[in-house]
Amino acid sequence: YNKIKDMTEDEHNFKIKQYYAIGNHINRVHQGVNILSMSKRIMNEVICCAENNNIKIYYQDTDSIQLENKNLPLLYKKFEEKYKRDLEGKNLGEFHSDLELHNCEDVISRNSIFIDKKNYIHEVEGIDNNGNKNYGYHIRLKGIPNNSIYYECEKQNISPLQLYQKIHNGDAITFDLLCGGRNEKFVFDNKKQTVSFKEKFTRMICVK
């Protein structure tokens, strides 16, 4: 029924017009299940290894684990002893730090605020090529681009850490996803066959 575009009939016949599919869509959900199952196995190897050695994990997401930097050498050692392979690296099945700061090494989190899953901020610290400490932010706020977060900070004249503290305290924050016109969002009107720019595009975050 969802392929029927139009139907007419006379005394003896039906004439049916159908939508013509320009491609064939195949759902391989069983492959997705296998991939997700394997990813959980990889994650649980690390999590269980940490728990068995009294290494506290503070946050875990689909493919990331957050723990204290001082415990990493012990976790690397215990993981290698148990599974006979390296934990740290950038190959398939290995883990590496997700915290980055431009032209800096040894990047760690010095302060953080967790609101809920996929909504958190780290104030990060790293050492540049001259041996000086640099600072920045590692930001996650589901549904809100980083540009909009920095734009809201600019409007309120506060730091991203202070903004997250407001959200954590229960303040309702409305983010402008167009950043006052700096960003553009297209609007497609299929009936009129036109393309225009969205004049307003906001999302509100409020934790209660």
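Database remark: amide H of Val124 closer than 5 angstrom to the amide H of Arg110, Gly136, Tyr137, His138 (H placed geometrically; neighbours at sequence offset of 5 or more, or on other chains; Pro and chain starts carry no H).
In a Debye calculation with equal point scatterers on the alpha-carbon sites of the chain and no solvent, what is log10 I(q)/I(0) at q = 0.14 Å⁻¹? Each listed q corresponds, in turn, to -1.06. Between the residues Thr174, Leu72, Ile57, the greatest Cα displacement towards the positive end of the dipole of the chain, with unit charges on the Cβ of Lys, Arg, Asp and Glu, is found for Thr174. Rounded to the nearest percent, how much of the accessible area of the stretch 30-189 (1.4 Å probe, protein heavy atoms only) is carbon and sulfur? Carbon-and-sulfur percentage of accessible area, whole number: 46.
Who wins for biggest fluctuation among Lys191, Lys78, Lys56 in a Gaussian network model of the chain, springs between alpha carbons below 10 Å? Fluctuation is largest for Lys191.
Summing Lys and Arg as +1 and Asp and Glu as -1 over all other residues whose Cβ lies under 13 Å from the Cβ of Asn103 gives a net charge of -3. Below 13 angstrom from the Cβ of Glu51, what's the summed charge of the other residues (Lys, Arg +1; Asp, Glu -1)? Net charge in that neighbourhood comes out at +2. Computed on the stretch 154-204, with alpha-carbon pairs under 8 angstrom and 6+ residues apart, the relative contact order is 34 percent.
Once the Kirkwood radius over Cα pairs is known for the stretch 136-208, the Stokes-Einstein relation at 37 °C and 0.692 mPa s delivers a diffusion coefficient of 242 µm²/s.
Of the DSSP H helices in the chain, those that are both long (alpha-carbon extent of 18 Å or more along the helix axis) and hydrophobic (Kyte-Doolittle mean at least -0.5) are 29-52.
Summed over the residues of the stretch 23-143 and divided among them, the accessible surface reaches 71 Å² per residue at a probe radius of 1.4 Å. Its Cα centre serving as origin, the chain has a Cβ charge dipole (Lys and Arg +1, Asp and Glu -1) of approximately 520 debye. log10 I(q)/I(0), Debye, Cα-only the stretch 77-117, no solvent, q = 0.16, 0.26, 0.33 Å⁻¹? Taking Cα atoms of the stretch 77-117 as identical point scatterers yields -0.66, -0.93, -1.09.
What net charge is computed for the residues neighbouring Ser39, neighbours being all others with C-beta under 12 Å from the C-beta of Ser39, Lys and Arg scored +1, Asp and Glu -1? Result for the neighbourhood of Ser39: -1.
Principal axis extents of the C-alpha atoms in the stretch 6-46 (largest first, rounded to whole Å): 71, 18, 11. For the chain, the 222 nm mean residue ellipticity estimated from helices alone, with every DSSP H stretch of n ≥ 4 adding -39500 (n - 2.57) and the total spread over all residues, rounds to -8500 deg cm²/dmol. Based on C-alpha pairs under 8 angstrom that are at least 6 apart in sequence, the chain has a relative contact order of 10 percent. In the calculated pair distance distribution of the stretch 66-148, what percentage of Cα-Cα distances lie above 18 Å? Looking at the stretch 66-148, the distances longer than 18 Å represent 56 percent of pairs.
Could you work out the relative contact order of the stretch 1-95, using alpha carbon pairs under 8 angstrom and six or more residues apart, expressed as a whole percent? Relative CO of the stretch 1-95 lands at 13 percent. Looking at the stretch 20-98, the pairs of alpha carbons with a distance over 14 Å make up 67% of the total. Projected onto its three principal axes, the C-alpha set of the stretch 91-196 covers 58, 38, 29 Å, listed from the longest axis down.
The values are calculated or read from the model by the stated rules, or taken from the named source; none is laboratory data. Small disclaimer: the values here were computed from a predicted structure and weren't measured. A quick note on method: Cβ atoms are made from the backbone with ideal geometry, for glycine too, and the neighbour counts reach across all protein chains shown. The accessibility values were calculated without ligands, DNA or RNA, using every heavy atom of the protein model including side chains. Shrake-Rupley method; radii C 1.70, N 1.55, O 1.52, S 1.80 Å.
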